[in-house]
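Q: Before I ask anything, here is the structure I am working with.
The values are calculated or read from the model by the stated rules, or taken from the named source; none is laboratory data. These numbers were taken from a predicted model, which means no experiment stands behind them. Here the Cβ is made from the backbone with ideal geometry for all residues, glycine too, and neighbour counts use every protein chain on show. These area figures cover heavy atoms from the full protein model, side chains too; ligands, DNA and RNA do not enter into them. Shrake-Rupley method; radii C 1.70, N 1.55, O 1.52, S 1.80 Å.
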Amino acid sequence: MTLWSRIRSWLRATLQRSRMESEMDEELRFHVEAYAEDLMRSGVGRHEAMRRARLEFGGIEGVREEGREARGVRFLESLAQDLRYGARTLRKSLGFTAAAVFTLALGIAATTVMFSVVYNLLFDPFPYKGADRLVVIHIQDLKQHTESDRESFTIPEFLEYREQNHVFEDLAGAYNTDILFEDGQSTRKFWAAYVTENTFAFYGVPPLMGRGITPEDAKPGAAPVFVMNYKLWVDEFDADTKILGKSFLVEGRRRTLVGIMPPRFQLSDGRLWFPLALSPGAEGATLVGNMPAQLWAIGRLKPGISLAAATADIQVLAKGLSKVYPKEYPEEFTVSVQNLVESLMGNFKVMLYALLGAVAILLLIACSNVANLMLAKATTREREIAVRVSLGARPGRLVRQLLAESFVLGTLACLAGCVLAYFGLKGITATIPRWLVPGEAVIGINPVVLAFAVAISLLTTLICGLAPAVHAIRGNLHERLMGSGKSVNAPFRHGPFRSGLVIAEVALSVVLLAGAGLLTHSFVALTRIELGFDAKQILVAMLSVPQERHQTVADEKLFFEQALPRVKALPGVISATAAYSLPPSWGHASDVTVPGKTHAEHWWTRLELCSAGYFETLELHLQRGRVLSESDIASARPVMVINETLARKFFAKEDPIGQKVKINVFDEIADAPHDAYFEIIGVVRDFSNWDVRQSSPMPEALLPYTITAHGDRIILARTAVPPNTLLAAVRREIWAVDPKIVITDTGNLQYVLDLNSYTEPRFDLITSGAFAGIGLLLVVIGVFSLMTYTVSLRTHEIGIRMALGAAQAGILKMVLKKGFRLIAAGIVIGLLASFGLTRFIASQIWGISVTDPITFVSVVLVVGLVGFTACLLPARRAAGVDPMVALRYE
């Protein structure tokens, strides 16, 4: 019979089973009756003839079985029986089944969720052409900290890099800016980007509608156009296809919408994109205040070019350009070409890998736990298996039955794990700080990762289900038939191995808890930092001022002279001020020149342009001199107030009052005073003025906001009531002065801090804490199941001990001692592993050491207490055994 004939026969027997059974019965009946008729013709009675015919054919049911076996149907029937039997067996042991399914489901879900997050964020975040070869150029000042590093370039530099490199297929550039967008009904502020003419071809993503920006759009005299982000199109225009080709007022100029990009095109996180001509004086080439545009350059490596080779090539090129553009390069610097994902993700990538390691540990705990549960259950079934073997059960048939039972268990766990993974991914996605990850990334369940986790879990259950069958078949049947699996004479099957699994679970749990504990302690330390002002009581209103209405310092001064008194007059407002940036944030900075001071490194200071009320609003304490006055602001007097750090760094033990400092960045701003020296009139106490995770503040200079009209402004107000209750009133007062002002990001300063400074540490805390909590729960299940099994195995022995006079306290102590030895061994091993592994998350830890003793002592206490609790219930059960019942226990 050919293979195809066999397949057709099997399919017919499977799909037309009832018909085949009827045909076989009819054929058997025909043969039996024909043989009986032959006997009756020879004189045998009908009843006797039928009996002899059936005997001749060997039993009707036996013939049927042979026919089914020949057609391959018998295998399917027995497999279905095995699955049904496995389901009944698991239903009889609901506690075991629930524990095993829950444990495996948690392992599958956690692994799937975290691996999916890492894959989508680190390995497949971009939909762009050659995304794995996209890189950025990073220039690091060897004499300064990271604040003077850069990844952006002036237009002449950008052109030099694009034309002279030997490692890039192409180089595209862009820079972001806020723009005011008018659609005839309202004016709104959007985050936009100017992009080089080759950008849309460079990324290779076709538009959803219309077209992208082309080189013709950047030529002189070309019609002003722009391209829109998908989310903006949906949120603000209800996905109206009719807006394509319409013109809108953008920054006071009419532009035509020529294209809408698909959802995953999020270049530079822009919501609108404009063409940038790379020629002097072209639109976008010069920023407000006559400052040159700085382009963030992204290159795509040629195939086969490594990062090391690209770095070597760009290093040579940068050294040459530093001589042509000496102001743009530090005296000593190094260049590196970095993968785009690594450049964008920064330290967050380290935490993702750490969480990946955490879920791998969690999966190991889950698999160890299930292995322990199944081995414990299998030991109690050794006599059952031995009985089956002695009654003639074939080894293959027995193995298949146990594998079917394990398969049912694994399938239930996989289904539950998939459900948990679906909801878990939604939860973890909601906690990821979106500003830390590429906007193009779409986080979803990865099928390959899910298949891997399911396969590992199924393999664990199948192997653990197979082990007892093989052990029973190969072992001494007489010994197993004589023992019960629970008596005092029964061998303690797999005892050392199961104990080792529990020790491993406890050790792995300690590692997870140590990492989570360090992150928790670090987060608490972060939230307790003394900022120097009460962020919860400071209202923030960020303003975008139309350029055509506030082009000069006089215009801006007139606006604030009217707006600030109105805001301050509101009930509940204590003081109000104009500001240039939000504390504490990096904000704006400049290198400075101090007459008579020589120094090897560049001196930098943070800049704040503010009104006289700034000091009262932030409650900055004056140490010496005076603060800015209203006359200083009105006359734009070249004076400044500095913080203690600036005084200490630039003037050491000298008195800074009366000293002068030149702010070099003002020489590049058109309406700012050039070559001007600012006199120091006061020193305020240090306060947090950039990253709250930095223990020491930056040097800071506070100047009159009337020095320049460059940039947007912020109104800060200190309130006696919750700031959010005053938002509507503040907006109303500002619009009463100028209804064209766009107000964005209103709220209290604490919310801004939470968003920018606490979101990432909170994500680290939530995820690591969740994994550590799951791991600890699995340890409880593992320890409890092992101790419960041990007690059940030794019930007969315990009965003998108690009958001979053993006290309940002694039995309790005996059981607890065994359990606590395992927990103590796991804690010691876990601590040793933690001291080495927690160093990988050092970059995410702030304010404490990675070997913080408080954290590790707390972990030991938590694990010890939880382990003791898991041992206590089985121990109390053992101590309460009735000796008469225990002596009869089998």
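Q: Of the numbered conditions (1) over 15 Å from Thr790 (Cα atoms); (2) modelled with pLDDT under 75; (3) open to solvent by less than 40 Å² (accessible area, probe 1.4 Å), Arg888 satisfies every one except a single condition; which is it?
A: For Arg888, the exception is condition (3).
Q: Let me ask you something else. Go through the stretch 252-281 residue by residue and tally those that are assigned to a loop (DSSP other than H, G, I, E, B), touching a Leu at 6+ places or on another chain (Cβ under 7 Å) and open to solvent by less than 10 Å² (accessible area, probe 1.4 Å).
A: Going through the stretch 252-281 one residue at a time, the tally reaches 1.
Q: Can you name the residue in the stretch 294-343 that is acidic (Asp, Glu) and outside any helix (DSSP H, G or I) and, of all such residues, is modelled with the highest pLDDT?
A: Selected residue: Glu332.
Q: Given the conditions (1) open to solvent by less than 60 Å² (accessible area, probe 1.4 Å); (2) at pLDDT below 70; (3) of a type in the set (Asp, Glu), and given that Glu548 satisfies all but one, which numbered condition is not satisfied?
A: Here Glu548 clears every test but (1).
Q: Which ones in the stretch 726-741 are touching a residue at least 40 places away in the same chain (Cβ under 8 Å) and over 34 Å from the mean Cα position of the chain (by Cα)?
A: Leu726, Ala729, Val730, Arg731, Glu733, Ile734, Ala736, Val737, Asp738, Lys740, Ile741
Q: Tell me, yes or no, whether the stretch 727-747 has at least one residue that is of a type in the set (Asp, Glu), over 28 Å from Gly252 (Cα atoms) and at pLDDT below 90.
A: Scanning the stretch 727-747 turns up no residue that is of a type in the set (Asp, Glu), over 28 Å from Gly252 (Cα atoms) and at pLDDT below 90.
Q: Name the single residue that is surrounded by the fewest Cβ atoms within 10 Å (Cβ to Cβ) among those in the stretch 841-866 being modelled with pLDDT under 85 and part of a helix (DSSP H, G or I).
A: Of everything passing the filter in the stretch 841-866, Ala842 is surrounded by the fewest Cβ atoms within 10 Å (Cβ to Cβ).
Q: Would you please name the residue that is least open to solvent (accessible area, probe 1.4 Å), looking only at residues in the stretch 148-189 that are of a type in the set (A, V, I, L, M) and in a helix (DSSP H, G or I)?
A: In this case the residue turns out to be Ile155.
Residues checked against (1) open to solvent by 60 Å² or more (accessible area, probe 1.4 Å); (2) free of Cβ contacts under 8 Å to residues at least 60 places away in the same chain; (3) of a type in the set (D, E, K, R):
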| site | (1), (2), (3) |
| --- | --- |
| Pro584 | no, no, no |
| Asp591 | no, no, yes |
| Thr598 | yes, yes, no |
| His602 | yes, no, no |
| Thr605 | no, no, no |
| Phe615 | no, no, no |
| Leu620 | no, no, no |
| Ser629 | no, yes, no |
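Q: Say whether the condition of being more than 26 Å from Glu556 (Cβ to Cβ) and in a loop (DSSP other than H, G, I, E, B) is met by at least one residue in the stretch 621-637.
A: Yes, the stretch 621-637 has at least one match.
Q: For the stretch 334-356, what are the residues that are aromatic (Phe, Trp, Tyr) and open to solvent by 10 Å² or more (accessible area, probe 1.4 Å)?
A: Answer for the stretch 334-356, where residues must be aromatic (Phe, Trp, Tyr) and open to solvent by 10 Å² or more (accessible area, probe 1.4 Å): just Tyr353.
Q: What residue, of Gly204, Gly212, is under 17 Å from Ala297 (Cα atoms), modelled with pLDDT of 90 or more and among the small types (Gly, Ala, Ser)?
A: Being under 17 Å from Ala297 (Cα atoms), modelled with pLDDT of 90 or more and among the small types (Gly, Ala, Ser) holds for just one of Gly204, Gly212, which is Gly204.
Q: Additional query: Return the only residue of Ala36, Ala98 being within 30 Å of Gly410 (Cβ to Cβ) and at pLDDT 75 or above.
A: After applying the criteria, what remains is Ala98.
Let's see how each residue does on (1) of a type in the set (Gly, Ala, Ser); (2) within 27 Å of Val545 (Cα to Cα); (3) without any contact (Cβ under 8 Å) to a residue 24 or more places away in the chain:
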{"position": "Ala223", "(1), (2), (3)": "yes, yes, no"}
{"position": "Glu236", "(1), (2), (3)": "no, yes, no"}
{"position": "Lys242", "(1), (2), (3)": "no, no, yes"}
{"position": "Ser247", "(1), (2), (3)": "yes, yes, yes"}
{"position": "Glu251", "(1), (2), (3)": "no, yes, no"}
{"position": "Arg254", "(1), (2), (3)": "no, yes, no"}
{"position": "Gly259", "(1), (2), (3)": "yes, no, no"}
{"position": "Phe265", "(1), (2), (3)": "no, no, no"}
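Q: Also: Got a sec? Which of Ala131, Ala192, Ala172, Ala218 is out of contact with any strand residue (DSSP E or B) (no Cβ under 6 Å at 6 or more places or on another chain) and either on the phi > 0 side of the Ramachandran plot or among the small types (Gly, Ala, Ser) (or both)?
A: Exactly one of Ala131, Ala192, Ala172, Ala218 is out of contact with any strand residue (DSSP E or B) (no Cβ under 6 Å at 6 or more places or on another chain) and either on the phi > 0 side of the Ramachandran plot or among the small types (Gly, Ala, Ser) (or both), namely Ala131.
Q: Taking the stretch 39-51 as the region of interest, how many residues are exposed (fewer than 13 other Cβ atoms within 10 Å of the Cβ) and in a helix (DSSP H, G or I)?
A: Within the stretch 39-51, residues that are exposed (fewer than 13 other Cβ atoms within 10 Å of the Cβ) and in a helix (DSSP H, G or I) number 4.
Q: Among the numbered conditions (1) part of a loop (DSSP other than H, G, I, E, B); (2) open to solvent by 50 Å² or more (accessible area, probe 1.4 Å); (3) touching a strand residue (DSSP E or B) at 6+ places or on another chain (Cβ under 9 Å); (4) not small (Gly, Ala, Ser), tell me where His674 comes up short.
A: Condition (3) is where His674 drops out.
Q: Hey, another quick one. For the condition touching a helix residue (DSSP H, G or I) at 6+ places or on another chain (Cβ under 8 Å) and within 25 Å of Thr311 (Cβ to Cβ), what is the one hit in Asp170, Asp132?
A: Asp170
Q: Of the residues that make up the stretch 223-237, is at least one touching a strand residue (DSSP E or B) at 6+ places or on another chain (Cβ under 9 Å), part of a loop (DSSP other than H, G, I, E, B), surrounded by fewer than 14 Cβ atoms within 10 Å (Cβ to Cβ) and of a type outside the set (Val, Ile, Thr)?
A: Yes: the stretch 223-237 contains one or more residues that are touching a strand residue (DSSP E or B) at 6+ places or on another chain (Cβ under 9 Å), part of a loop (DSSP other than H, G, I, E, B), surrounded by fewer than 14 Cβ atoms within 10 Å (Cβ to Cβ) and of a type outside the set (Val, Ile, Thr).
Q: Given the conditions (1) surrounded by fewer than 21 Cβ atoms within 10 Å (Cβ to Cβ); (2) out of contact with any Pro (no Cβ under 8 Å at 6 or more places or on another chain); (3) closer than 15 Å to Leu257 by Cβ; (4) not aliphatic (A, V, I, L, M), which single one is not true for Pro207?
A: Going through (1) surrounded by fewer than 21 Cβ atoms within 10 Å (Cβ to Cβ); (2) out of contact with any Pro (no Cβ under 8 Å at 6 or more places or on another chain); (3) closer than 15 Å to Leu257 by Cβ; (4) not aliphatic (A, V, I, L, M) one by one, Pro207 breaks only (2).
Q: Right, another one. Could you check the stretch 492-504 and list, in sequence order, the residues that are open to solvent by 50 Å² or more (accessible area, probe 1.4 Å) and modelled with pLDDT under 75?
A: Phe492, His494, Phe497
Q: Name the residues in the stretch 652-663 that are under 47 Å from the mean Cα position of the chain (by Cα) and surrounded by 15 or more Cβ atoms within 10 Å (Cβ to Cβ), would you?
A: Result: Val661, Lys662, Ile663.
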